[in-house]
Amino acid sequence: MIARRAAFRHPAGEPAPRTALLLPGFKRHANTRAFVPAASNYRWLEKLQEYRPESIAGSLGQLLFLASLRMAGMPKLDSVTHSLVVTFHTEQPWLTLEDRDELWSAFGVPVYEQMYCASGLLATECIAHDGLHAAKGAQWTVDANGELWFREPLSWWEERGEAYAPSGLFGAVDPEPCECGQPGIRLRIAGPVQRQTLLRTRALSAWAQVA
Ligand SMILES: [Zn+2]
């Protein structure tokens, strides 16, 4: 859930493909339409199919659900010829290779990853599929244990000072330019921090800040 009405920016850039957004909280934008998945009926799926999206953006769970339905032949969603966009929040399960395979066998289109926090976009993959670009205004750093920490882009966070929050992901910050031409750093995510390691890492970080 996005706390502020953020704009959805398609990872492929502009002009964006016709995109179905399965997530609440985004501003209205040309070439995107929001759909509210309902557990109680499949009317939203009919509407989704009628829209003929070229790309679908949603949480990993939502996209895997659509993939399983498509493998079973319902709905067809043959219009999805551009991409899938997996959006996730920090601390949510990261996309595994198995998940990628499942999405690929169901749809056969590229998968992009985008990371959000409550106030909006933190990082997004680009057409080069070579790491995630830090979103405008978001700051990223890596602690001594290799966990990525972030500072949210919007001003309400700045009132809390320069505080960074742990992302729950191991990775590196790459300053090298991307072949897509966008400036700025990229995140190279190695995988989720295991909970036990996470607690230990945070304790160590807290200790390091005090010491
Ligand atoms: Zn790029």
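Which whole-number percent gives the relative contact order of the chain, counting Cα pairs below 8 Å spaced six or more residues apart?
The normalised contact order for the chain reaches 14 percent.
Short version: what are the Cα gyration tensor semi-axes of region 69-122, square root of 5 times each eigenvalue, largest first, in whole Å?
Listed largest to smallest, the semi-axes of region 69-122 are 24, 13, 10 Å.
Eigenvalues of the Cα gyration tensor times 5, then square-rooted: what semi-axes does that give for the chain, in whole angstrom, largest first?
Semi-axis lengths for the chain are 32, 18, 17 Å.
Which FRET efficiency, nearest 0.05, do ARG52 and MET74 yield, Cβ-Cβ r, R0 22 Å?
So the FRET efficiency works out to roughly 0.85.
Relative contact order of region 1-118, please, whole-number percent, based on alpha carbon pairs below 8 angstrom and at least 6 residues apart. Could the numbers behind the result be given before it?
Working: 194 pairs, mean separation 28.8, N = 118.
Relative contact order comes out at 24 percent.
If each residue of separation counts as 0.36 nm, what is the full-extension length gain between ARG33 and GLU14 once their alpha-carbon separation is subtracted?
5.3 nm
Please rank SER167, SER105, SER79, fewest neighbouring Cβ atoms within 10 Å first, as an exposure proxy. Before the final figure, lay out each step's value.
Details: SER167 24, SER105 11, SER79 18.
Result, fewest neighbours first: SER105, SER79, SER167.
Amide H of THR90: which non-local residues (sequence gap of 5 or more, or other chain) have their own amide H closer than 5 Å, using H built in the peptide plane?
Residues meeting the criterion, in which the H sits 1.01 Å from N, are TYR116.
Once all Cα-Cα distances of region 1-118 are split into 5 Å bins that start at 0, what whole-number percent is in each one?
With a bin width of 5 Å, the distribution comes to 2, 11, 23, 27, 21, 13, 3, 0.
So, by mean Cβ neighbours within 10 angstrom, what's the order for 110-116, 177-183 with the highest one leading?
110-116, 177-183
Within 10 Å, count the other beta carbons around each residue, average over each peptide in 83-95, 14-26, and list them highest first. Present the calculation step by step, with values, prior to reporting the outcome.
Numbers: 83-95: 19.2, 14-26: 17.4.
Packing proxy ranking, top to bottom: 83-95, 14-26.
Starting from the 7 Å offset along Cα-to-Cβ, what nm value, one decimal, do you get for the label separation of LYS136 and VAL109?
2.5
Please arrange LEU69, LEU60 by how many other C-beta atoms lie within 10 Å of their C-beta, fewest to most.
LEU69, LEU60
Hey, which lysines would be in cross-link range of LYS136, C-alpha to C-alpha under 28 Å, not counting anything within fewer than 8 residues on its own chain?
By straight Cα distance, LYS136 reaches LYS27.
I want the antiparallel fraction of DSSP beta bridges within region 1-142, as a percent rounded to 5.
30
Here, each number is a calculation from the coordinates, and none is a lab measurement. Since we're looking at a predicted model, the values are computed, not measured. Glycine gets a Cβ as well: all are built from the backbone with ideal geometry, and neighbour counts include every protein chain shown.
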